[in-house]
Amino acid sequence: MAGNQDSGAVHSATDGGVAGSHTVVADAGVLVGPSTASEQNLVTAGLIPVACWSVDDVRFNFDSSVVLPAVAKEIAALAKLRDAHKKPVSPRTDPKLPQFIFPPLSIFGHADPVGQDDYNKLLSGRRAAAIYGLLTRRDEVWEDLYSNQGAFAAPAAGDKWGTPSIQTMLTALGFPPDSSGQGTPDIPSAVRSFQSSQGLAADGNPGHDTRKKLFLAYMDKLCGTDFKLDKEDDFLARGKDTAGKGDFQGCGEFNPRLIFSEQENNDFEQDKDKTARNAANAINRRVMVLLFRPGSKVLAAKWPCPKAKEGVAGCKKRFWSDGEKRRSDRLPDKERKFEDKKDTFACRFYHRMVDKSPCEIVLKTFEVRLYSPIGRAIPLAPCEITIGKRKPFTDQADTRGIITLRDVEVPATCKIRWGFPPDQGQDPELGFLLNLFLQADQPLESDQAEESKRKLNNLGYIRPEPAENIRSFQRDYGHLTSPPLDLTGAIDDRTMKLLREVYDQSADDLRNTPVS
């Protein structure tokens with residue numbers, strides 16, 4: 001489990017989402033005094049999220065709310081997260097009552113800041129509705145999304161489920177449409193096979209009754225038959241609103257994690273092919289689920305967010321006074337990120353709930369190459385890795401000796417033990433050890449002492465006394481400058497400049513060294 005006091009803790013992180021706990025907030029104390037009248041005061045508990053779960057854009061097709069099969073990994077993480085935050089019922093006066101109460105959920109869809117507000121609001125709301133329908137097995141929600149009408153979904157021009165959605169679900173359920181060499185998938189044949197398995201008339205037409213069965217079977221495939229939420233017990237507004245108000249909503253493009261720089265945006269706008277822009281913007285397209293304290297509930301009529309199928313007017317009423325500036329201002333040559341200054345979200349209601357959420361932090365990926373003492377990379381090196389406070393896990397390097405560390409909340413420490421591939425049937429001997437500092441790729445200009453410590457450590461200068469490591473570096477590399485560095489054991493400007501150059505050059509050299 002990784003995290004810090006300000007941003008809670010990450011329980012799990014996959015290539016498609018994050019699950020984590022928020023920082024624990026103490027219960028508010030209430031002072032009570034005697035009264036001589038019959039009046040009563042009302043004490044209302046604050047609405048406090050205790051955990052979060054996010055699904056990234058990669059679990060949907062572009063401009064689509066169809067949930068892809070790989071989301072099953074994130075669903076499993078959500079089930080564990082709910083279980084971790086359940087509370088026992090005490091006192092439990094009736095054995096027929098549930099033994100535990102679980103944290104209720106509310107779902108927030110987000111889009112990237114490209115296009116029109118109204119469209120992005122609808123698309124993000126449709127994605128939130130799709131997740132809601134999936135978790136509750138409410139096939140009627142998906143039917144509304146499929147047909148582009150109904151209580152749960154307003155039409156979105158680009159988001160048409162149609163035949164592609166049917167093909168995705170059939171394939172995941174083991175009924176892949178066979179193209180038979182013709183280049184066009186034979187959907188009717190696959191539909192007939194599915195219909196036969198469900199006791200339906202096998203006419204090959206994915207009509208309403210077939211879609212109902214297909215949607216429910218696919219939902220069970222992604223969630224497992226044991227994990228199903230109830231709209232009245234497991235959601236914040238308890239399913240009281242027929243269109244899901246309070247239980248799921250779309251936030252459109254109002255809360256971007258990342259805003260391009262002016263230079264970057266200009267380059268994207270001039271490029272006729274928008275693939276690179278869309279890929280860079282994927283970080284903004286996500287579905288966030290907040291889990292609230294067990295027992296929490298809200299009145300749908302008083303929930304500030306508009307329904308998923310409604311327009312943007314209700315959202316803008318909840319903006320910060322400078323909300324438009326927050327969500328749109330660009331710096332000349334540097335990106336703006338929510339995690340840096342917490343000033344890119346326009347909606348103050350959402351912002352206050354996720355200000356310290358580990359699910360709104362951008363996690364990093366690192367590649368580390370494992371070497372032998374003679375400076376040769378070790379292909380297929382077995383290793384054991386410990387990142388921050390997470391549990392150690394085993395891995396194996398690729399044929400170039402590289403391991404990939406995914407979803408790291410930086411800065412973080414990482415301990416790696418590794419060795420040579422063992423003979424068949426033998427256990428690996430992990431004889432090499434190094435502690436790494438993992439940091440975003442930028443100088444820590446405000447703290448050169450910390451930056452130098454981390455870079456020297458990663459270069460192999462690991463003595464307990466910082467001055468000894470600096471002096472050793474000055475002795476090994478000081479001759480590369482003119483005049484040579486003095487062996488002072490202190491980080492001055494010349495030593496820091498050389499350290500950065502050597503560190504970057506070493507990284508380039510190590511990438512290209514041959515394997516053993």
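Looking at this model, which pairs from 364/453; 73/337; 228/317; 228/364 are more than 25 angstrom apart at the alpha-carbon? Write down the numbers at each step before the final one.
Working: 364/453 21 Å; 73/337 27 Å; 228/317 34 Å; 228/364 32 Å.
Checking Cα-Cα distances, 73/337; 228/317; 228/364 exceed 25 Å.
Computed from Cα atoms, the angle from the helix 448-458 axis to the main principal axis of the chain rounds to 90 degrees.
Using a 4.7 Å Cβ-Cβ cutoff, the cysteines of the chain lacking any partner cysteine are 223, 251, 305, 315, 347, 383, 414. Across all Cα atoms of region 294-364, the radius of gyration (one decimal) and Dmax (whole number) stand at 14.5, 47 Å.
Hey, what D do you get for region 365-512 in µm²/s if you plug the Kirkwood alpha-carbon radius into Stokes-Einstein at 10 °C and 1.306 mPa s? Mind dumping the intermediate values first?
Working: Rh = 16.6 Å.
In µm²/s, the coefficient is 96.
Between residue 73 and residue 151, the distance separating the two model label sites (each 7 Å from Cα on the Cα→Cβ line) works out to 3.6 nm.
Normalised by the number of residues in the chain, the average gap of Cα pairs under 8 Å and 6 or more apart makes the relative contact order 16 percent.
Each peptide in 161-169, 370-378, 263-271 receives the mean, over its residues, of other Cβ atoms within 10 Å, and ordering these scores from highest gives 161-169, 370-378, 263-271. Using 0.36 nm per residue and subtracting the Cα-Cα separation, the extra length available between residue 275 and residue 163 on full extension is 37.9 nm.
Given +1 on the Cβ of Lys and Arg, -1 on the Cβ of Asp and Glu, and no further charges, what dipole in debye does region 365-512 carry about its Cα centre, rounded to the nearest 20? Could you put the intermediate results ahead of the total?
Numbers: 19 positive and 24 negative charges, 44 e Å.
Roughly 220 debye for region 365-512.
Here the spin labels are modelled as points 7 Å beyond Cα on the Cα-Cβ line, and at residue 467 and residue 184 they lie 8.1 nm apart. Dividing the C-alpha radius of gyration of region 14-114 by 2.2 N^0.38 Å, with N its residue count, gives 1.58. Sequence-distant contacts, meaning Cα pairs under 8 Å at least 6 residues apart, place the relative contact order of region 365-512 at 16 percent.
For region 222-357, relative contact order (Cα pairs under 8 Å, six or more residues apart, normalised by length) works out to 35 percent.
For the pair residue 509 and residue 348 in one chain, pulling the backbone fully straight at 0.36 nm per residue adds 53.2 nm over the alpha carbon distance.
With only Cα atoms counted, the chain has Rg and Dmax values of 27.1, 87 Å. The long axis of helix 117-136 is offset from the longest Cα principal axis of the chain by roughly 80 degrees. Counting only the Cα atoms, region 56-175 fills a convex hull of 148 Å³ per residue.
Taking the DSSP beta bridges with both ends in the chain, the antiparallel portion is around 90 percent. Taking the longest Cα principal axis of the chain as reference, the axis of helix 466-477 is set at about 70 degrees. In terms of the mean number of neighbouring beta-carbon atoms within 10 Å, the peptides 286-292, 32-38, 388-394 order highest first as 286-292, 388-394, 32-38.
Read-outs throughout are calculated quantities, based only on the coordinates presented, and are distinct from any laboratory measurement. Values in this document were obtained by computation on a predicted structure and should not be read as measured data. Neighbour counts run over all protein chains shown; Cβ positions are idealised from the backbone, glycine included.
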